[in-house]
Amino acid sequence: MARRALTTTATAFATAAALLLTACGGGDDASSDDIKGAGDNSPRPTASKSSAAPDVKRPVIKLPGSFQLKFENWTSSDPVEQAVLDDGKEQLRAGYEAIIENDPDSKNRAFYDTKNGFLQSRQWIKSYTDKNLAVIGKLPVFDPKVTLSKDKAAASLSYCTDESKASTRNRKTGEVKGNPAGTDPEVFYVISMGKSPQGVWQAVSARSERGGCPQ
């Protein structure tokens, strides 16, 4: 669970995604279910399945070893909170799979979004694919916090990322770019989530704030 949370006041996710690396994330270097410190560094494709709602057939998300995502302290003693964390993790992974595979209509990402949530996700994915950009490097995802509604049918998942070792790569030219000098590499996210009839926690909307992470 997260150590603490900030306010959810933030700029719209789609606006923030227009920045070079905002919302940048990706695959880890072993199983993408790894917590920081586990796994090896072999540059092979990675895949994982969520442990939430185990009776539901879930897509297998595959990411290359060139894009490494580290989920730090991504655990909770509460099983409902853990289910939110598991599906939130796969939702993020599916988005970067879509960017890397140049697929803004990704069915895997749509699985972890509501209909309206996927419209927002698609806009974010296209902010990369329309510019022929893929993502590479390493990106930690840390300080997760889950807040559940009273009936436990809705949740808010917040977390931070550190983009200091992540970059974009142009598919045509091979040009690699990181964030501009002076840009805060940490981004704070708040994901509103709802539980589908099948028991999958799906993203309804997302917000981000660059430089808003706990210090």
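Rg and Dmax of the range 54-206 over Cα atoms: what are they, in angstrom?
15.5, 51
Distance in nm between label sites at Asn102 and Glu175, each 7 Å beyond Cα in the beta-carbon direction?
With each label placed 7 Å out from Cα toward Cβ, I get 1.7 nm.
How much of Thr75 can a 1.4 Å solvent probe reach, expressed as accessible area in Å² and rounded to 10?
Around 80 Å² of this residue is reachable by solvent.
For the range 93-215, with every protein chain kept in place, what is the accessible area per residue (1.4 Å probe, Å²)? Don't skip to the end; give the middle numbers.
Values: 5710 Å² over 123 residues.
Ligands and nucleic acids excluded, the figure is 46 Å² per residue.
Please give the solvent-accessible surface of Arg207 in Å², to the nearest 10, using a probe radius of 1.4 Å with every protein chain present.
Arg207 has an accessible surface of roughly 120 Å² with all protein chains in place.
Step through the table entries Lys57/Lys150; Lys57/Lys89; Lys89/Lys138, compare each Cα-Cα distance with 22 Å, and write down the pairs that go over it.
Lys57/Lys150
Name the shape class, rounded, prolate or oblate, that the alpha-carbon gyration tensor gives for the range 138-197, where a ≥ b ≥ c are the square roots of its eigenvalues, rounded holds for a/c under 1.5, and otherwise prolate holds if a/b is larger than b/c and oblate otherwise. Before the final figure, lay out each step's value.
On the way: a/c = 4.26, a/b = 2.25, b/c = 1.89.
Prolate.
The values are calculated or read from the model by the stated rules, or taken from the named source; none is laboratory data. Quantities reported herein were computed from a predicted structural model and do not represent experimental measurements. Cβ coordinates were reconstructed from backbone atoms using ideal geometry, including for glycine residues, and neighbour counts include every protein chain displayed. In case anyone asks, the SASA skips ligands and DNA or RNA and just uses the protein heavy atoms, side chains included. Shrake-Rupley method; radii C 1.70, N 1.55, O 1.52, S 1.80 Å.
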